[in-house]
Every structure is written in C-alpha cells, then in structure tokens.
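First the structure, in the form of structure tokens, and then the observations on it.
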Amino acid sequence: MTTNAVTITAPEGLPFIDMTREFDAPVEAVYRAHTEPDLLTLWLGPRGYDMTIERFEMKAGGRYRYLHTDPEGVSYTFNGVVHVARPNELIIQTFEFEGFPDIVSLETMRLEDLGEGRTLLSAHSVYPSVEARDGMAASGMEQGVTEGYEKLDEVLANLSVSH
C-alpha cells in the first residue's frame, strides 16, 4: 500500500489552515469513511488513541461529539455542527476542541475524483484569529492528521477488498 503525503499550510498572517491528501481509493469509499461512525472510529486521530463517539449526525443541521483517549487515559473532546454533507463531494462543519472552548473553526472538505480509483481530499479550516489558528497548528495537529490518514489508508484498503 502506498502512503501519500499530507500537505498542511498555514499562511503567514491569515487565520486558516489548508490540507490536501491523495488517497488510493474511490471518492465513495473516502466519503463513507468520513461519514459512517463505525469506519470513522477506526482511523480518526493519532495511533494509540481510542475514539468514542457520543453523537454523530452527518447531515445538514446535524451535530457531532467525540472523545479521543490517549494511552495514559487522558481524554480530548471535540464537537461541531454539520452545515452541508453532500455525498461524495463536500462536507462543511464547525469544529471545536473543548479544551479550548469558544474557539470554533469552520471546516470545508472537498473530494475530487482523480480517476483510476483515486481521490484528492482538500480541507480548508478558518479560525476566529491568527492566534487561534497558531494554537491549533502547535497542538500536535500535524502528527494526528498524518497518522490518522495513514490509518485511513488501511481502512480504505480493507473497504476495497470487502466491497
């Protein structure tokens, strides 16, 4: 299995983070892995963390709340509201780490079919300030995203085999 690199950019002086990553799987599989709770818990977050979903409604007006628990037993809770969930194309949602309440980002994730069973995921996250964006960038986000997407590669490989 190929591991594709994730590109994360945080432009100087602007309150956003952009991420792109290619997956060796069709758009439909990548979308399913982002919208089906049983699949999401298999890959979202760093290796070694357990994920518990308290609420997950991937539809316009839906809400989500989940916890990641690290190997030492420390939990990190996240929540948000879904604004758009257009199958195999687009998800727009808010995102809040409850450890830093009142810092809510707006996230847009687009999926593009690259042909030959490959997908480009592009994500754009807007924060209320550059300081809030810098805090997220310094939180270990890059490691969590990179390891999560590597785990997603494994989930997608199994989806391709089983479907």
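In the range 45-58, the residues that are polar (S, T, N, Q) form Cβ pairs under 6 Å with partners that are modelled with pLDDT of 95 or more, at six or more places apart or across chains, as follows: T52/L67. Applying the condition of being closer than 23 Å to V84 by Cα and among the polar types (S, T, N, Q) to the range 111-135 and asking which residue is surrounded by the most Cβ atoms within 10 Å (Cβ to Cβ) yields T119.
If you go through the range 22-35 one residue at a time, do you hit one that is assigned to a strand (DSSP E or B), more than 18 Å from S139 (Cα to Cα), among the acidic types (D, E) and touching a residue at least 24 places away in the same chain (Cβ under 8 Å)? Break it down into steps so the answer makes sense when it comes.
Residues of the range 22-35 that are assigned to a strand (DSSP E or B), as a first pass: 22-23.
Filter once more, so that each one left must be more than 18 Å from S139 (Cα to Cα): 22-23.
Filter once more, keeping what is among the acidic types (D, E): 22.
Now narrow it down to the ones that are touching a residue at least 24 places away in the same chain (Cβ under 8 Å): 22.
For the range 22-35, residues assigned to a strand (DSSP E or B), more than 18 Å from S139 (Cα to Cα), among the acidic types (D, E) and touching a residue at least 24 places away in the same chain (Cβ under 8 Å): present.
Scan the range 58-68 and give yes if some residue there is among the hydroxyl-bearing types (S, T, Y) and assigned to a strand (DSSP E or B), otherwise no. Yes. Of everything in the range 4-45 that is β-branched (V, I, T) and surrounded by fewer than 20 Cβ atoms within 10 Å (Cβ to Cβ), the residue that is farthest from K151 (Cα to Cα) is T9.
Applying the condition of being among the hydroxyl-bearing types (S, T, Y) and either in a strand (DSSP E or B) or touching a residue at least 60 places away in the same chain (Cβ under 8 Å) (or both) to the range 139-158 and asking which residue is surrounded by the most Cβ atoms within 10 Å (Cβ to Cβ) yields Y149. Of everything listed in (1) buried (at least 17 other Cβ atoms within 10 Å of the Cβ); (2) of a type outside the set (A, V, I, L, M); (3) farther than 26 Å from A5 by Cβ; (4) in contact with a Phe, Trp or Tyr (Cβ under 6 Å, 6 or more places away or on another chain), the single unmet condition for F97 is (3). Taking the stated definitions as given, is T108 hydroxyl-bearing (S, T, Y), at pLDDT 95 or above, within 16 Å of the chain's Cα centre (by Cα) and closer than 21 Å to W43 by Cα? Considered against the rule, which asks whether it is hydroxyl-bearing (S, T, Y), at pLDDT 95 or above, within 16 Å of the chain's Cα centre (by Cα) and closer than 21 Å to W43 by Cα, T108 comes out as yes. Of everything in the range 13-47 that is at pLDDT below 95 and of a type outside the set (G, A, S), the residue that is nearest to the chain's Cα centre (by Cα) is P46.
Here G80 meets the list (1) touching a Pro at 6+ places or on another chain (Cβ under 7 Å); (2) crowded, with 17+ Cβ neighbours inside 10 Å; (3) over 25 Å from N4 (Cα atoms) almost entirely, failing just condition (1).
The values are calculated or read from the model by the stated rules, or taken from the named source; none is laboratory data. Keep in mind the model is a prediction, meaning the values are calculated, not measured. All Cβ positions, glycine included, derive from the backbone under ideal geometry; neighbour counts span all protein chains shown.
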